[in-house]
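Okay, structure first, notes after.
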Amino acid sequence: MMESTGGPYLNTAAVTSPVGIARLLQMTFGCTTFSLVAHRGGFSAAYGTFCMFVWTFCFAITVFIITCEFTHLHSCLSISWGNFTAAFAMLATLMSVTAAVIYPLYFVQLGCYPIGCEVRDFRIAASVFAGLLFVAYAAEVFLTRAKPGQVTSYMATVSGLLKIVQAFVACIIFGALVNDSQHSRYVATQWCVAVYSFCFVVTVVVVAFSVTGKTALLWFPFERSVVVYTFGAVLLYVSAAVIWPVFCFDSKYGSPQRPGLCAKGRCPWDSQLVIAIFTYVNLLLYVVDLAYSQRIRFVSHL
């Protein structure tokens, strides 16, 4: 006679609940998107490679999450599963919306020449499914976000989700920095790079400790430290938001207007403008994060 284990072997809610259905749609849309591109749509250059990476990476992690929840294998992992899934859903939302914008922007055209009508149709179809993939990931973020008064994983709170967005925006800033932004011309702009780097590293560390569930092992209060860091990040980004535009767009140090002879895609002024815009975006994100971090509870074991 077989001994009862006290529960079912398979978790059917992992595929029948609203969140489970959203993940099944993510898997379906992701597989369809990169299959259409790989079969006939095609891709090239860094932009196309990035899009394919996003779709295959998100598909693989989604399959991993569904498998672990359906088989209860996530209980054997030494991570905070709730924090991991919430962080990935937010990251996948940001990555998928970026790919959903980049791919049609660079690869979709209305006419058939010179790629042919069949290739054009495949690219249009891939773009549609890329948009649906973004909607599916955004739906998961909406369904799993922390509700008012609910005790939940830190990464599911507004503050936790903002940490992912802050790190993603910082990556955009780094991409513009390496694209001939001339950031090494002045010590002041080098300070801004140091600000972006420091805040990015600490934000990633906060996310890593939350996902691994190791916050309770720290010798200092994690929640208080995160709030103090967020306040410090606001001050640092305020300094960068003032310094970077002055040393890039003031006529004494830089150029108020885009130089007429600047090549498209290889113009330092364009990179400087992108950095300035996303510096203000991240400053706003850190301010909102600081406001919300006053009203949450940190739970490391969910």
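Quick one: THR215 ticks every box in (1) at pLDDT 90 or above; (2) surrounded by 15 or more Cβ atoms within 10 Å (Cβ to Cβ); (3) of a type in the set (Val, Ile, Thr) bar one, so which box is it?
Failed condition: (1).
Residue by residue, here is whether (1) under 14 Å from ALA100 (Cα atoms); (2) modelled with pLDDT of 95 or more; (3) part of a helix (DSSP H, G or I) holds:
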residue: ARG23; (1), (2), (3): no, yes, yes
residue: MET27; (1), (2), (3): no, yes, yes
residue: TYR47; (1), (2), (3): yes, no, yes
residue: CYS51; (1), (2), (3): yes, yes, yes
residue: VAL54; (1), (2), (3): yes, yes, yes
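Among what's in region 147-201 and is open to solvent by less than 40 Å² (accessible area, probe 1.4 Å) and assigned to a loop (DSSP other than H, G, I, E, B), pick the residue that is modelled with the lowest pLDDT.
So the residue we want is THR152.
With respect to ARG120, is the statement that it is open to solvent by 20 Å² or more (accessible area, probe 1.4 Å), farther than 30 Å from SER153 by Cβ and in contact (Cβ under 8 Å) with a residue 24 or more places away in the chain true?
Values: open to solvent by 20 Å² or more (accessible area, probe 1.4 Å): yes; farther than 30 Å from SER153 by Cβ: yes; in contact (Cβ under 8 Å) with a residue 24 or more places away in the chain: no.
It is false that ARG120 is open to solvent by 20 Å² or more (accessible area, probe 1.4 Å), farther than 30 Å from SER153 by Cβ and in contact (Cβ under 8 Å) with a residue 24 or more places away in the chain.
Looking at region 137-146, which of the residues that are in contact (Cβ under 8 Å) with a residue 60 or more places away in the chain and surrounded by fewer than 23 Cβ atoms within 10 Å (Cβ to Cβ) is nearest to TRP55 (Cα to Cα)? Outline the logic, then answer.
Residues of region 137-146 in contact (Cβ under 8 Å) with a residue 60 or more places away in the chain: 137, 139-140, 143-144, 146.
Subset that is surrounded by fewer than 23 Cβ atoms within 10 Å (Cβ to Cβ): 139, 143-144, 146.
Numbers: ALA139: 17, LEU143: 22, THR144: 22, ALA146: 27 Å.
By that ranking, first place goes to ALA139.
Could you list all residues from region 38-82 that are touching a Lys or Arg at 6+ places or on another chain (Cβ under 8 Å) and buried (at least 18 other Cβ atoms within 10 Å of the Cβ)? Even if it seems obvious, please write down each step before you answer.
Filtering region 38-82 down to residues touching a Lys or Arg at 6+ places or on another chain (Cβ under 8 Å) leaves 41-42, 62, 65-66.
Within region 38-82, GLY41, THR62, ILE65 meet the criteria.
What number of residues within region 222-244 satisfy the criterion of being over 21 Å from ARG185 (Cβ atoms) and open to solvent by 40 Å² or more (accessible area, probe 1.4 Å)?
Total meeting the criteria: 7.
Taking region 192-209 on its own, how many of its residues are touching a residue at least 40 places away in the same chain (Cβ under 8 Å) and within 16 Å of ASP289 (Cα to Cα)?
Summing the residues that are touching a residue at least 40 places away in the same chain (Cβ under 8 Å) and within 16 Å of ASP289 (Cα to Cα) in region 192-209 gives 4.
If you take the residues of region 250-282 that are assigned to a helix (DSSP H, G or I), among the aromatic types (Phe, Trp, Tyr) and open to solvent by less than 70 Å² (accessible area, probe 1.4 Å), which of them is farthest from LYS163 (Cα to Cα)?
To start, the set of residues in region 250-282 that are assigned to a helix (DSSP H, G or I) comprises 268-282.
Subsequent filtering for residues that are among the aromatic types (Phe, Trp, Tyr) retains 269, 278, 280.
Then drop every residue that is not open to solvent by less than 70 Å² (accessible area, probe 1.4 Å), which leaves 269, 278.
Values: TRP269: 28, PHE278: 15 Å.
Here the answer is TRP269.
May I ask you to list pairs of residues, at least six apart or on different chains, whose Cβ atoms are under 8 Å apart, with the first in region 212-231 being under 22 Å from CYS76 (Cα atoms) and free of Cβ contacts under 8 Å to residues at least 40 places away in the same chain and the second being in a helix (DSSP H, G or I) and open to solvent by 80 Å² or more (accessible area, probe 1.4 Å)?
Sorted first by the residue in region 212-231, then by its partner, the list stays empty.
When you check PHE247 against the structure, is it open to solvent by less than 80 Å² (accessible area, probe 1.4 Å), within 21 Å of SER181 (Cβ to Cβ) and either in contact (Cβ under 8 Å) with a residue 12 or more places away in the chain or not in a helix (DSSP H, G or I) (or both), yes or no? Walk me through it before giving the result.
Details: open to solvent by less than 80 Å² (accessible area, probe 1.4 Å): yes; within 21 Å of SER181 (Cβ to Cβ): yes; either in contact (Cβ under 8 Å) with a residue 12 or more places away in the chain or not in a helix (DSSP H, G or I) (or both): yes.
Considered against the rule, which asks whether it is open to solvent by less than 80 Å² (accessible area, probe 1.4 Å), within 21 Å of SER181 (Cβ to Cβ) and either in contact (Cβ under 8 Å) with a residue 12 or more places away in the chain or not in a helix (DSSP H, G or I) (or both), PHE247 comes out as yes.
From the list ALA38, ALA60, ALA87, which one is in a helix (DSSP H, G or I), under 30 Å from LEU217 (Cβ atoms) and free of Cβ contacts under 8 Å to residues at least 24 places away in the same chain? Spell out how you get there, then give the answer.
Values: ALA38 fails: under 30 Å from LEU217 (Cβ atoms); ALA87 fails: free of Cβ contacts under 8 Å to residues at least 24 places away in the same chain.
Every option except ALA60 fails the conditions.
The values are calculated or read from the model by the stated rules, or taken from the named source; none is laboratory data. What you see is a predicted model, and the numbers here were worked out from it, not measured in a lab. When we count neighbours, we look across all protein chains shown, and the Cβ atoms used for this are built from the backbone with ideal geometry, even at glycine. We work out accessible area using only protein heavy atoms, side chains counted, and drop any ligands, DNA or RNA first. Shrake-Rupley method; radii C 1.70, N 1.55, O 1.52, S 1.80 Å.
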